[in-house]
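The values are calculated or read from the model by the stated rules, or taken from the named source; none is laboratory data. Just so it is clear, the structure is predicted and the values come from calculations on it, not from any experiment. When we count neighbours, we look across all protein chains shown, and the Cβ atoms used for this are built from the backbone with ideal geometry, even at glycine. These accessible areas exclude ligands, DNA and RNA; they are computed on the full protein's heavy atoms, side chains included. Shrake-Rupley method; radii C 1.70, N 1.55, O 1.52, S 1.80 Å.
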Amino acid sequence: MGRLEGQRAFLTAAGAGIGRATAIAMAKAGAHVIATDIQASSLEDLKDHGIAETKRLDVRDALAVNAIARDLDAIDILFNGAGFVHAGTILETSEKDWDFSFDLNVASMHRTISAFLPGMIDGPGGAIINVASVAGMKGIVNRYAYGATKAAVIGLTKSVAADFVGKGIRCNAICPGTVDTPSLGERISEQAQASSQTTDAVRAAFVGRQPMGRLGTADEVAAMAVYLATDDAQFITGAALPIDGGMTI
Ligand code: NAD
């Protein structure tokens with residue numbers, strides 16, 4: 001028996017990176033996985049990895065989030081993976097950048113939790129796992145809006161955990177350090193272009209932030225998400241758990 005046998009898991013941003021690795025790991029653990037992403041094409045091969053259902057979902061679209069929650073049977077696990085990194089200090093962050101970052105990184109989680117929580121409460125309970133970041137736990141250079149959103153994700157996580165601890169709901173946040181995913185590759189290329197450095201030099205600087213001397217992998221983060229979804233983590237709620245190669249020591 002897999003550790004998530006009989007569980008229904010719903011994931012956002014499951015087409016790439018941490019979300020994709022988590023969808024596959026949860027399916028391997030026996031869950032019925034419903035993987036969603038704004039890019040339908042990124043989900044196409046997931047059925048080959050044991051994913052039961054795939055659906056296009058833009059987490060910025062409140063109507064679509066409500067419709068998908070209404071149309072599905074109740075879930076046991078909600079994984080909120082969607083997030084965007086805005087680069088810059090406060091002086092490079094416009095009102096539009098701020099609003100977009102909060103809409104995609106924070107309001108999206110408000111939407112999915114609001115839509116799915118009533119069904120989870122009516123059932124035997126469940127686990128909500130929100131992807132925050134070490135940027136929500138400590139100041140990181142050039143991550144002004146991003147850090148603010150990820151700190152808000154931690155606050156949102158703790159509030160939901162506190163309000164529903166008596167209803168069988170656990171709500172936790174994962175705080176990754178730098179993880180080797182497609183979006184990190186894009187950030188490295190953009191930063192290299194902007195600073196006239198080589199991509200190797202920029203990548204080395206990212207690695208340099210990690211006391212363990214390497215980047216994390218999406219599979220390592222996925223393993224933590226699977227753990228938080230299982231009964232092994234029954235006593236954990238409201239936690240913001242770093243998985244960061246020592247970045248927050
Ligand atoms: P990624 O960019 O590799 O994948 C992100 C996925 O999100 C893509 O498939 C994309 O299509 C999807 N997406 C984008 N906008 C969407 C929307 N509006 N609705 C639904 N899906 C949308 O991402 P990643 O690096 O694995 O990051 C996943 C999460 O982990 C994010 O919340 C990110 O902030 C967080 N995180 C990442 C790192 C890192 O170093 N990679 C570190 C800490 C936290």
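Data table
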| item | result |
| --- | --- |
| Residues being assigned to a loop (DSSP other than H, G, I, E, B), within 14 Å of the chain's Cα centre (by Cα) and not hydroxyl-bearing (Ser, Thr, Tyr) - total across segment 1-37 | 4 |
| Segment 51-66, residues that are within 11 Å of the ligand (Cβ to nearest atom) and free of Cβ contacts under 8 Å to residues at least 24 places away in the same chain | 55, 56, 58, 61, 64 |
| Any hit, segment 35-48, residues being in contact (Cβ under 8 Å) with a residue 40 or more places away in the chain and crowded, with 24+ Cβ neighbours inside 10 Å | no |
| Number of positions in segment 49-76 that are open to solvent by 20 Å² or more (accessible area, probe 1.4 Å) and in a loop (DSSP other than H, G, I, E, B) | 9 |
| Residue list for segment 1-24, filter: open to solvent by 10 Å² or more (accessible area, probe 1.4 Å), away from the ligand (no atom under 13 Å from the Cβ) and either in contact with an Asp or Glu (Cβ under 6 Å, 6 or more places away or on another chain) or of a type in the set (Gly, Ala, Ser) (or both) | 2, 6, 7, 8 |
| Every residue from segment 59-83 that is touching a Ser or Thr at 6+ places or on another chain (Cβ under 9 Å) and of a type in the set (D, E, K, R) | 60 |
| Any chance residue 91 is closer than 21 Å to residue 163 by Cα and either in a loop (DSSP other than H, G, I, E, B) or more than 12 Å from the ligand (Cβ to nearest atom) (or both) | no |
| Where a residue in segment 175-200 is more than 20 Å from residue 150 (Cβ to Cβ) and hydrophobic (A, V, I, L, M, F, W, C) and its partner, wherever it lies, is more than 8 Å from the ligand (Cβ to nearest atom) and in a helix (DSSP H, G or I), with Cβ under 9 Å and at least six apart | 192/199; 192/200; 192/201; 192/202; 192/203 |
| Sole residue being within 23 Å of residue 246 (Cβ to Cβ), in contact with a strand residue (DSSP E or B) (Cβ under 8 Å, 6 or more places away or on another chain) and not hydrophobic (A, V, I, L, M, F, W, C), chosen from 130, 80 | 130 |
| Residues of segment 36-50 that turn out to be within 7 Å of the ligand (Cβ to nearest atom) and not hydroxyl-bearing (Ser, Thr, Tyr), as a count | 3 |
| Single unsatisfied condition, residue 219 versus (1) closer than 30 Å to residue 94 by Cβ; (2) in contact (Cβ under 8 Å) with a residue 40 or more places away in the chain | (1) |
